[in-house]
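The structure appears right after this line, and notes come after that.
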Amino acid sequence: MLRDLASTRELASVLDVLSAMITPAVLILASSSLLITTSNRSIRCVDRVRDRVQELEALGDASDEQTEFKRKHVYEQLEINTRRARLLQRAMSRLYGGITFFIGTSVAIGIVSLIHINIGWIPLILGFTGAGLLFSASVYLIIESRLAMATTYAEMDYIHRIHLSRRA
């Protein structure tokens with residue numbers, strides 16, 4: 001009976017450790033999902049920059065009013081997309097860092113439970129660092145998504161102005 005009680009306590013202890021190790025795993029999964037989305041956004045942003053460069057090259061050296069208007073619009077779009085690309089790269093770096101710290105948290109939880117030394121602050125610091133990186137990546141993504149909408153609005157305004165000038 002005493003042996004059964006010790007065995008039950010040991011199993012409960014193991015389950016506690018495994019439960020604690022699962023929390024960082026969920027955050028790893030969430031960060032990975034966000035990373036994939038951010039990577040796709042980055043690819044689309046780079047494609048837009050390439051398209052804009054081709055548009056600039058197609059304009060050539062012409063200097064009429066319509067061409068200058070178009071050139072100004074394309075340069076503004078390039079500037080915003082450059083800012084977007086930088087924000088996306090920073091967000092991805094932080095997401096990779098967050099994943100690294102969440103993995104470290106999970107490993108540290110396992111090690112701390114195995115060696116039975118009072119260093120539980122290590123997984124705590126690793127987890128908080130990972131969460132901080134995930135938070136900062138989210139802030140960058142919020143800013144980038146606002147810039148993405150700004151480019152969409154600017155594009156719609158440009159098309160509207162072109163349409164109005166052709167009607168006049």
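The values are calculated or read from the model by the stated rules, or taken from the named source; none is laboratory data. Please read all numbers here as calculations on a predicted model, not as lab measurements. Glycine gets a Cβ as well: all are built from the backbone with ideal geometry, and neighbour counts include every protein chain shown.
Residues being within 26 Å of residue 95 (Cβ to Cβ) and either touching a residue at least 12 places away in the same chain (Cβ under 8 Å) or of a type in the set (Lys, Arg) (or both): count how many of those fall in the stretch 110-123.
3
In the list 129, 82, which residue meets the criterion of being under 20 Å from residue 34 (Cβ atoms), in a helix (DSSP H, G or I) and modelled with pLDDT of 90 or more?
The unique qualifying residue is 129.
Residue check: is residue 91 in a helix (DSSP H, G or I), free of Cβ contacts under 8 Å to residues at least 24 places away in the same chain and of a type outside the set (D, E, K, R)?
no
Of the residues 49, 53, 26, only one is more than 17 Å from residue 143 (Cα to Cα) and more than 24 Å from the chain's Cα centre (by Cα); which?
53
Are any residues in the stretch 32-89 of a type in the set (Lys, Arg) and surrounded by fewer than 12 Cβ atoms within 10 Å (Cβ to Cβ), and if so, which ones?
Across the stretch 32-89, the qualifying residues are 50, 72.
For the stretch 124-148, which residues satisfy the criterion of being closer than 17 Å to residue 92 by Cα, in contact with a Ser or Thr (Cβ under 7 Å, 6 or more places away or on another chain) and among the hydrophobic types (A, V, I, L, M, F, W, C)?
Result: 134, 141.
When the residues of the stretch 12-31 are filtered to those that are surrounded by 13 or more Cβ atoms within 10 Å (Cβ to Cβ) and of a type in the set (Ser, Thr, Tyr), which remaining residue is nearest to residue 134 (Cα to Cα)?
Taking the candidates together, the pick is 31.
Go through the stretch 107-126 residue by residue and tally those that are modelled with pLDDT under 90, part of a helix (DSSP H, G or I), surrounded by fewer than 13 Cβ atoms within 10 Å (Cβ to Cβ) and not β-branched (Val, Ile, Thr).
1
Touching a residue at least 40 places away in the same chain (Cβ under 8 Å) and either under 30 Å from residue 14 (Cβ atoms) or surrounded by 15 or more Cβ atoms within 10 Å (Cβ to Cβ) (or both): which single residue out of 97, 130, 104 fits that description?
Of the residues listed, the single one that is touching a residue at least 40 places away in the same chain (Cβ under 8 Å) and either under 30 Å from residue 14 (Cβ atoms) or surrounded by 15 or more Cβ atoms within 10 Å (Cβ to Cβ) (or both) is 130.
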